[in-house]
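S.K.: Please see the structure below; I have some questions.
The values are calculated or read from the model by the stated rules, or taken from the named source; none is laboratory data. Predicted, not measured: the structure shown is a model, and the values here were computed from it. Neighbour counts run over all protein chains shown; Cβ positions are idealised from the backbone, glycine included. Side chains included, ligands, DNA and RNA excluded: accessible areas come from the protein's heavy atoms. Shrake-Rupley method; radii C 1.70, N 1.55, O 1.52, S 1.80 Å.
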Amino acid sequence: MNRNTDFRRLYMRGKSFTHPALVTYVMRNRAGICRLGITTSKKTGNAVSRNRSRRVIRAAFYALSGEISGQWDIVCVARSRTKWVKSTELEKIMRKQLMAAGVIRCRQTNKG
């Protein structure tokens, strides 16, 4: 996602899930694909730390992209703690938020 109207629509009408390292807004779309938007404010630090926050969020999302079912708009907002978190930790946080939103279905284990 890269249009301001898309971001504003999610902020106003989407579901939000918060964590000290990440805020996620989720809403169904009609685009036929899953779209990701990432925002980082200047409060998170200088350009280097903002870019690191974006890279970490992107890496965590791509690790989860195979599990996402359906057509969703997802906006991830980096917080000041995001730049210190590794992408594997952020992946767990993001998985929990997306499962609460219904974007990711619970995994079923087949035993025996």
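S.K.: Under the condition of being out of contact with any Gly (no Cβ under 8 Å at 6 or more places or on another chain), touching a residue at least 60 places away in the same chain (Cβ under 8 Å) and not in a loop (DSSP other than H, G, I, E, B), which residue from the stretch 10-38 is farthest from Met94 (Cα to Cα)?
M.R.: So, considering only residues that are out of contact with any Gly (no Cβ under 8 Å at 6 or more places or on another chain), touching a residue at least 60 places away in the same chain (Cβ under 8 Å) and not in a loop (DSSP other than H, G, I, E, B), the one farthest from Met94 (Cα to Cα) is Tyr11.
S.K.: Could you tell me how many of the residues in the stretch 72-107 are in a strand (DSSP E or B), among the aliphatic types (A, V, I, L, M) and open to solvent by less than 20 Å² (accessible area, probe 1.4 Å)?
M.R.: 4
S.K.: Can you tell me how many residues in the stretch 60-102 are of a type in the set (S, T, N, Q) and more than 25 Å from Lys43 (Cα to Cα)?
M.R.: Total satisfying the criteria: 3.
S.K.: So which of Gly14, Gly32 ends up being surrounded by 10 or more Cβ atoms within 10 Å (Cβ to Cβ) and farther than 21 Å from Thr82 by Cα?
M.R.: That would be Gly14, the only listed residue that is surrounded by 10 or more Cβ atoms within 10 Å (Cβ to Cβ) and farther than 21 Å from Thr82 by Cα.
S.K.: Does the stretch 41-57 hold any residues that are polar (S, T, N, Q) and under 18 Å from the mean Cα position of the chain (by Cα), and which are they?
M.R.: Ser41, Thr44, Ser49, Asn51, Ser53
S.K.: OK, next. Of the residues in the stretch 39-56, how many are open to solvent by 40 Å² or more (accessible area, probe 1.4 Å) and in a strand (DSSP E or B)?
M.R.: Within the stretch 39-56, residues that are open to solvent by 40 Å² or more (accessible area, probe 1.4 Å) and in a strand (DSSP E or B) number 0.
S.K.: Same structure, new question: As an exercise: evaluate Arg3 against (1) of a type in the set (Lys, Arg); (2) more than 17 Å from Lys92 (Cβ to Cβ); (3) surrounded by 12 or more Cβ atoms within 10 Å (Cβ to Cβ) and give the number of the one condition it does not meet.
M.R.: For Arg3, the exception is condition (3).
S.K.: OK, next. Based on this model, can you work out whether Ser69 counts as within 27 Å of Cys106 (Cα to Cα), free of Cβ contacts under 8 Å to residues at least 40 places away in the same chain and open to solvent by less than 60 Å² (accessible area, probe 1.4 Å)?
M.R.: Details: within 27 Å of Cys106 (Cα to Cα): yes; free of Cβ contacts under 8 Å to residues at least 40 places away in the same chain: yes; open to solvent by less than 60 Å² (accessible area, probe 1.4 Å): yes.
Against the criterion (within 27 Å of Cys106 (Cα to Cα), free of Cβ contacts under 8 Å to residues at least 40 places away in the same chain and open to solvent by less than 60 Å² (accessible area, probe 1.4 Å)), Ser69 qualifies.
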